[in-house]
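I have placed the structure first, in the form of structure tokens, so that the comments after it can refer back to it.
The values are calculated or read from the model by the stated rules, or taken from the named source; none is laboratory data. These figures come from a predicted structure and were not determined experimentally. A quick note on method: Cβ atoms are made from the backbone with ideal geometry, for glycine too, and the neighbour counts reach across all protein chains shown. The protein model used for the area step is the full one, side chains on, heavy atoms only, and it has no ligands, DNA or RNA in it. Shrake-Rupley method; radii C 1.70, N 1.55, O 1.52, S 1.80 Å.
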Amino acid sequence: MTTADLALHGSPHAPPRGLMRWLTTTNHKDIGTMYLVFSLVMFFVGGAMILLVRAELFQPGMQMMQPELFNQLIGVHALVMIFMALMPAATGFANWMIPLMIGAPDMALPRLNNWSFWLLPPAAALLLMPFALALFGVGSGAIATGWTFYAPLSVQDGMGLDFAILAIHLLGISSVMGSINIVVTVFNLRAPGMTFMKLPLFVWGWLITAFMLIAVIPVLAGAVTMLLTDRHFGTHFFNAAGGGDPILFQHLFWFFGHPEVYIVLFPVWGLTPHILSAFARKPVYGYRAQVYAFWVIGILSVIVWGHHIMTSGMSTGALLYFMYSTMSISLPLSVLFFCWIATIWRGAMTFEAPMLFALGMIVLFGIGGLTGLVLADAAADAQYHHSYFVVAHFHYTLFAGGIMGIMAGVYFWLPKMTGHMIDEILAKWHFWLTAIAFNLTFLPQFFVGLAGMPRRVPDYALQFAEFNMLSSIGAFVLGAAQLLFLIVVVKCIRGGPPAPAKVWEGAEGLEWTVPSPPPHHTFQTRPVIGE
Amino acid sequence: MSETEQGYYVPDSSPYPALLAGGMFVLALGFALQINDEPVGRWFMIAAAALIGYVLFGWFGSVIAENQAGRFLRWEDRSFRWGMAWFIASEVMFFAAFFGTLFYLRNISVPELGETQLIWPGYRGTWPTSGPAGQPFTPMAAWGIPALNTLILLSSAVSVTWAHWGLLKQRRAQLIGGLALTIALGCLFLGFQAYEYHHAYTEMGLNLGAGVYGATFFMLTGFHGLHVTIGAIGLAAVLGRAIKGHFTPDNHFGFEGVAWYWHFVDVVWLMLFVFVYWM
Amino acid sequence: MSARRAISMLLGGLAVFGPASARASLDWNLPPPATPLALDTLHVHNTFMVITLTIFVLVFAIMIYSIVVHRKSRNHEPAAFTGPGTAAQIFWTLIPFLILVFIDFIVMGIPAYHSVEVMQDTRTDADMVVKVTGSQWKWQYEYPEEGIKLVSSLATPRAQLDGQAAKGEHYLREVDNPLVLPVGKKVRILLTSTDVIHTWWVPQFGTKRDAIPGFIRETWATIAQPGVYRGQCAELCGTGHAFMPVVVQAVMEPEYRQWVAQKKAEQSAQAASAQRTWSRDELMKHGQEIYAKVCAVCHQPNGQGIPGTFPALAGSKLVNGPLLDAAGRLVKDGHLDRVMNGKPGTAMQAFKATLSDSDIAAVVTFERNSFGNKMGDLVQPAQVKAVR
Ligand code: HEA
Ligand code: HEA
Ligand code: CUA
Ligand SMILES: [Cu+2]
């Protein structure tokens, strides 16, 4: 072993084996894998919860559960899906891919990286534990306010809410530390010649995500801290009797909450062009335009939060401001859509599973985005707000845009990570079943929402029955389809045809120059980027 | 760029991060139980605090040892600097949430409550206030202890910079003296603040429950005080290392990280002085 | 599933939100508007849906064309361009962008601006005021000019919820006392709440506004046609959120006058009855009604509550404790005190705001002598009045 190697690894000790390896690892690939596995597990946990909900909503009347449990399930579903399925999946990719893409030896702060991950299981435990405690007669179950924590309902709620607040704190620390790590890695560990304007778009997407996280997560932390003191230490931030204002909480929450929706999608928007270009065998179109669009969306994201609280009684000026600023986000997004389509335009496309998911994501997210534009209209929002129309909108963005985008990434990169090709046939089945069942689940929710069905209700009037039944059937098919995903992933980890270094014919970038799977420590000598 | 030849230092596997996460889990769990009247929580918290203390010593200790062993060169040093800078940025946003709250309450919700005569007849809606149904209290005046504390913190910023000069010019006495002085000023600040809190609680009717004035006052100054405490502990650690002679003019990130933090805490205080005490 | 619904769903799937669906009686679009505001919203909504749908079809037609034509299996040779190269190409990429700017801020922006103006104009030429107060989980309506108050809560029997009885036509959207409003008058609606945030929503009025504790919000409605309009609370407000309907009965002006006169008479009769001494049976009977209507949602019909969330009244120390001290004053944290003043920060609200003296006297008497509680004493409305 040469001295240079020594400097690289620290010391020649072999890493511990078994569970200890995972608990103590500082390797970006190990940590990335843990993020991805955790995310997969939590996706099923969150999905199983909402399947219970959809079963209750299958027909009018109270069949399976009391409203208390129902309210807990929807809020925990949302928190689990967003914070423990979608965000960790994206962070897992970041850990795996950013060092490979920019030619870095590892993440810049490896121990911090491990800490960021290991904060997640405790957070999940805190969030879910009240369900179990309630069975033993301690407390009244998990957070029952929806994922938005609105005061004063959240001041009234039981101990599950305190657990959720503390879970949010741990998640927040994890996200901020993870983001710092990513920013530092990108700033400091790029290979010579890898200038900012050569960074792969996935890295750009994550860089902006990290900036947004650093900016908005602390505000959420502050907001839930105030909630905690209102609950237990006698403050009056959100209580009019003491001069406070419940709407203040909503402003603080959505100052975080709106950027959050882009936080979960930026990594996907970053990786989409990689997939499109690989399977169209054609370079990315409009690289610079996409980078600038990222910046514009990132900046706009922190000034439009008011569109979530348009019925709270803001002044006319505020309504108009939030309406127009929200509408303007469609412009940079149209740039992204334009570039995506121009990337496949006149290419030579093939349609392997990653490509199918990427294309499906674009079409379905298009529906989510365009309905978002309609929601932005302050007057008509009075009709949509807190109705199932909004639920449909955000599943078209979060599930179709987020989860399907992540799945495209999984199929795209899994062969690189495991060294085995995926089962294309099963993966294609997974795609078509998911796409069809997804629409069956959520398209009816647009109609039922327009017709006047509010969200977060365990029971509803008879006129909504048919659409809800369709939606529930769709949800169960959708859930079953995800079992296929599980099978494909497990099969690919356990074996399969070996994958070459360049897994996909048209794929470009540093990550495709190293073997599949890459060695534990990748760039022992730094690659130099040409031109 | 000669340092690129040498490779980046990637530390070995370490038990500390996962232990720290575990400790924080137990701490959070204990706290949640404690505030919900489940007294077992206290024991969880005590155990967790011990674990976290152990981890912090171990983790920072190993980083310092690696540094002394010459593992960290310019490349790694830059990572630490960027990391610290972005960490402070996130802290800025944490305080921004509370300042935003203060502005919102003062300029939007309290005046609006003053106009809501249908519900709060006779309420004037002027700042400082403990709200339409709040208790009477005396607001904190700016030109007594707070002004003195401003002076103290400003001088501590000077003294820490003076210590830095000492470090750069390899004047050991100036380094150690400057650090010691800074810590002393920090403690003096905290002492005054404790006195001020005591006075507020016992004589001015000003407490956490004193409506939005009390809530914003104590949360803003309290979180600031907490940061001063953390900064002072950091400075003490740096002082210890300075006495051991760990720092050289071109390798002293530990010192600078804490110094940045100290300046950040200082700037927050200036904002507090202007917006909480003075205006 | 009825044939009509099946067809309407099919059509809905095809035409999604197209102008055909503006025939709003089919329920894949907004319900038929009953106020100028709702009409305006419907127009804006339909326009926007057509615009976005057109964009969707255009954009994805291009994409699908590409997917069909530019594929390897058709031996299509990949091009290598990475951006608009020539000035002409730059021009042609800018054009769609400018069209989108135009659509965003002119085609959509201007009508949206006008409907915001309409929505926010609650005061000009208002004919009357109604104050709406949300509480967990009922609405209280107050006509300040007439001095009338009424409490409106869910009228669907529990058996229908639990599937033990057939569900009625207006399942979950029926109340005991609807809000009665005259047709053709501009009603200014003031909103507030006693506990958490609720949202007052009648889809056919095009209004949705939050009711925020400690603050007043407002909206308005000028109802065009007599009829019954149904909606419900739209902000998650705890366990009873789904069971907090809003029902508005719009009537012609003379009918409205008549209703007001009748309500006034009822209220003075009630005030009078609070003066007299009630018999035990009267109190128990009235108390049972009030309990079933108001308290049972939380404390459950059998008084057992829901462990961890709502305390049981059966065997409760509070209920089986003192009410009034020797001087007739409220015992702090006693049974009557809890019912009248609630417990701040919990779902137990101050019922003196919504219940009359006789209601409170009756329900307290009922609780003390039911569910196995055997206090044997009773409270008179006059006693309640004295400690208000
Ligand atoms: C990943 C998640 C995600 C994403 C990307 C978005 C994207 C957008 N969202 Fe969405 N939204 C949510 C998740 C998301 N949203 C969630 C979770 C909620 C509910 C939270 C809760 O209450 O619980 C919500 C709620 C929500 C509301 C509040 C509704 C209400 O409660 O009353 C509004 C209102 O303006 C809104 C608007 C928008 C807009 C304008 C966009 C834009 O970014 C969309 C831009 C995209 C496009 C416009 C389409 C693509 C472009 C083209 C095809 C080119 C041509 C187009 C034109 C220029 C017209 N969203
Ligand atoms: C990333 C975010 C995300 C994702 C992926 C999803 C996924 C899904 N969501 Fe979610 N949802 C939200 C975010 C998300 N949701 C948010 C933010 C809310 C708002 C909450 C609030 O109001 O506060 C919400 C609310 C919400 C509601 C409204 C509840 C209400 O208002 O009353 C509904 C109703 O249909 C719903 C349905 C679904 C369905 C059917 C899926 C499906 O896509 C799920 C797919 C199914 C599976 C993945 C299940 C697979 C599991 C099995 C097959 C079982 C096997 C089990 C084991 C192995 C343990 N969601
Ligand atoms: Cu009241 Cu929901
Ligand atoms: Cu938003």
Applying 1/(1 + (r/R0)^6) with R0 = 51 Å to the Cβ-Cβ distance of C:Ala261 and A:Val302, what FRET efficiency is obtained, to the nearest 0.05? 0.35
For the peptides B:154-167, A:460-473, what is the packing order when you average, over each peptide's residues, the other Cβ atoms within 10 Å and list the highest mean first? A:460-473, B:154-167
Under 5 Å between amide H atoms, partner at least 5 residues away or on a different chain: which partners does B:Gln135 have, H built in plane at 1.01 Å? B:Gly211
Would you calculate the separation in nanometres between label points at C:Tyr65 and C:Arg158, each defined as 7 Å from the Cα along the Cα-to-beta-carbon direction? 6.4
Degrees between helix C:109-120 axis and first principal axis of chain C (Cα, 0 to 90, nearest 10): 10
Given the Cα-Cα distance of C:Trp92 and C:Ala326 and 0.36 nm per residue of separation, how much length would full extension add, in nm? 75.3 nm
For the C:Ile99, C:Ala312 Cβ pair and Förster radius 45 Å, calculated FRET efficiency rounded to 0.05 is 0.10
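Mean separation of Cα pairs under 8 Å and 6+ residues apart, divided by the residue count of the stretch B:11-71: what relative contact order is that in percent?
33
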Please turn the phi angles of the stretch B:209-214 into ³J(HN,Hα) values with the Karplus equation 6.51 cos²θ - 1.76 cosθ + 1.60 (θ = phi - 60°), one per residue in order, whole Hz, x for glycine and proline. x, 6, x, 6, 5, x
Which net charge results for the neighbourhood of A:Ala379, defined as the other residues with beta-carbon distances under 15 angstrom from its beta-carbon, given Lys and Arg at +1 and Asp and Glu at -1? -3
Let me have the 222 nm mean residue ellipticity of the protein assembly as shown computed from DSSP H runs of 4+ only, each contributing -39500 (n - 2.57), with the sum over all residues rounded to the nearest 500. -19500 deg cm²/dmol
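Subtracting the Cα-Cα distance from 0.36 nm times the residue separation, let me have the gained length for B:Ala194 to B:Ile35 in nm, one decimal. Each step should come with its number before you reach the end.
On the way: separation 159, 0.36 × 159 = 57.24 nm, distance 2.39 nm.
Here the answer is 54.8 nm.
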Over 55 Å apart: what share of the alpha carbon pairs of the protein assembly as shown falls there, rounded to a whole percent? 23
Which angle from 0 to 90°, rounded to the nearest 10, does the C-alpha axis of helix B:145-168 make with the longest principal axis of chain B? 10
At most 10 other Cβ atoms within 10 Å and a DSSP loop assignment: could you name the chymotrypsin sites (Phe, Trp or Tyr not before Pro) in the stretch A:265-322 that fit? none
Mind checking which of B:Leu181, C:Val129, A:Leu120 is farthest towards the positive end of the protein assembly as shown's charge dipole, using Cβ charges of +1 (Lys, Arg) and -1 (Asp, Glu) about the Cα centre? A:Leu120
Between helix A:353-375 and chain A, what is the angle of the helix's C-alpha long axis to the longest principal axis, kept within 0 to 90° and rounded to the nearest 10? 30
C:Phe351: net charge of surrounding residues, Cβ under 10 Å, Lys/Arg +1, Asp/Glu -1, itself excluded? +1
Among DSSP beta bridges lying fully in the protein assembly as shown, give the percent that are antiparallel, nearest 5. 70
Just to verify a number: what accessible area does A:Arg346 come out at with the full protein assembly present, 1.4 Å probe, Å² rounded to tens? 110
For C:Val180, enumerate residues with amide H under 5 Å from its amide H, sequence gap 5+ or separate chain, H modeled in the peptide plane. C:Gln249
Efficiency by 1/(1 + (r/R0)^6): what FRET value for B:Ile64 and B:Leu226, r their Cβ-Cβ distance, R0 = 22 Å, to the nearest 0.05? 0.35
Skipping prolines and chain starts, which residues have an amide H placed within reach, meaning under 5 Å, of the one on C:Arg188, given they are 5 or more residues away or on another chain? C:Asp127, C:Met128, C:Val129, C:Val130
Could you check the simple spin-label distance between C:Met252 and B:Val92, using points 7 Å along Cα→Cβ, in nm with one decimal? 6.9
Return the subset of C:Lys131/C:Lys332; C:Lys208/C:Lys352; A:Lys198/A:Lys502; A:Lys491/C:Lys72 for which the Cα-Cα distance in this structure is over 25 Å, preserving the input order. C:Lys131/C:Lys332; C:Lys208/C:Lys352; A:Lys491/C:Lys72
Under 20 Å from a point 7 Å along the Cα-to-Cβ line of C:Leu39: which residues of the stretch A:374-388 have their amide N that close? A:379-383
So for the stretch A:454-509, considering every pair of alpha-carbon atoms, how many percent are separated by more than 15 Å? 70
Extreme residue, positive dipole direction of the protein assembly as shown, given options C:Val228, A:Met355, C:Gln267 (C-beta unit charges): A:Met355
Any chance you could look up the accessible area of A:His77 with a 1.4 Å probe, heavy atoms only, rounded to 10 Å²? 30
Based on the Kirkwood radius over alpha-carbon pairs, what value in µm²/s does the Stokes-Einstein equation return for the translational diffusion coefficient of chain A at 10 °C and 1.306 mPa s? 66
Neighbours of C:Gln136 by Cβ distance under 12 Å: Lys/Arg at +1, Asp/Glu at -1, summed charge -1
